[in-house]
Structures are given as structure tokens and as C-alpha cells.
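Following: one structure in C-alpha cells, then a few remarks.
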Amino acid sequence: MEFRGVLFAVRSMAVSRPFYENVLGRKVALDLGANLVFAGGPTLQEQFAELVGFPEEKTVYGAHDTELYFETDHLDQEVPQVKAAGVKILHDVKEYPWGQRVFRFFDPDGHIIELADSMKAVILRYLDQGLSEEEVARRCQHPVEFIHWCKEHPDEDAPQDM
């Protein structure tokens, strides 16, 4: 069995598609009208209840029990752009104990979207502040090997398996 992605039920593709393209920068991979697949995810589906065979009133938009999670190396630049789009904000940027800063907001159907510092960005910020690799590893809860990799490859995307 292979995981293939996340599908969100949406009320209106005419409202959701521009949000995902313009605010989140997603690129359409496949447009089937009521079903829209973005490269790298997610997939959006209009008329979801009808498709799976239950009454529309059973669809719970904005259930607040899941989120789409995005990371960036440029949080300070991207948050103002997202805010300028007029999104409904769940909370402004806050920093967690491991150093990652996170901004959460909603898509047009109330699904939670998280935009966070990449852990590479967090690690490089701590290294720039003069913390040792071991101190950063303890604070960020990541292996020293990953801290070292970030230090040696500051301009590369972090490997997913590290």
C-alpha cells in the first residue's frame, strides 16, 4: 500500500483554486473540473459527499482536526504576503521551544494551513547566534549529524530522510 496524497473537500473550486494557486503558490498538475490535483499536493474535490455517497450535511468543513503543513526558509518574507491576501488567521507567528516559528491560517473552507520555518532555517539561525552544533541539536531535538549537514550545506534543501 502506498500513500498518494491528501484530498480536501471544498465548497467551490472557483474560490479554492485561486487561493491555493495565488496564496500558497501551488501549481496545477491535473484539472478534472470538480477534482483538482496540485503538484506535490493537495487535491481538492467539489461535491465530495455526492462522490462518496453520504448527505452533504455530513461534510464538516473546517473540522480543525488536521492541517496542511508548509515549510519555508523565508518565513519573515512570506507571512506578510499571506496576510496581504486577506486570509483568516488562526494565530500570528509564534515560536515553539525547539525554535521553529509557525504561522497558522485558514483556507476558504476553514482547513488549517501551517506555514513554518524549515528546521534547516532554525538550525542556521541558532548557529549564527553562536551556539555549538551540540547545543543546537539539544535545543532543536534533531541529531547532531543533521545540524552538521545544515552547516555544511546552507543553500541546499534538506534531505527528507535525514
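All of the numbers you see were taken from the coordinates with simple rules; none came from a lab. Treat the numbers as computed from the prediction; the structure is a model and nothing was measured. Every residue, glycine among them, receives a Cβ derived from its backbone with ideal geometry; neighbour counts consider all protein chains shown.
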A14-N35 pseudo-label distance in nm [points 7 Å out on the Cα-to-Cβ vector]: 2.3
The range 7-117, dipole about Cα centre (Lys/Arg Cβ +1, Asp/Glu Cβ -1), debye to the nearest 20: 160
Value of D in µm² per second that Stokes-Einstein yields for the range 36-131, Kirkwood Rh from Cα pairs, at 10 °C (1.306 mPa s): 103
In order through the range 22-27: 3J(HN,Hα) via Karplus (6.51 cos²θ - 1.76 cosθ + 1.60), integer Hz, x for Gly, Pro: 8, 8, 9, x, 6, 10
Which labelled figure in (i) 25, 21, 12; (ii) 35, 17, 14; (iii) 21, 18, 16 is semi-axes √(5λ) of the Cα gyration tensor in Å, once derived from the coordinates: (ii)
Helical contribution to [θ] at 222 nm, DSSP H n ≥ 4, -39,500 (n - 2.57), averaged over the chain, rounded to 500: -8000 deg cm²/dmol
Net length gained if the chain between E2 and R139 were fully extended (0.36 nm per residue, minus Cα distance): 45.9 nm
Neighbourhood charge, 12 Å Cβ-Cβ cut-off, centred on E156 and excluding it, Lys, Arg +1 and Asp, Glu -1: -2
Cβ-based net charge around I113, under 9 Å, with every Lys or Arg adding one and every Asp or Glu removing one: -2
Label-point separation, D155 to A63 (7 Å along Cα→Cβ), nm: 4.5
Reachable lysines, given that their alpha-carbon falls under 23 Å from the alpha-carbon of K88 and they are not under 8 places away in the same chain: K27
For the range 1-92, Kirkwood radius (reciprocal of mean inverse C-alpha pair distance, Å): 14.8
Cα→Cβ-extended label distance, 7 Å offset, between D128 and K94, nm: 2.5
Alpha-carbon centroid distance for the pair the range 126-162 / the range 1-70, whole angstrom: 34
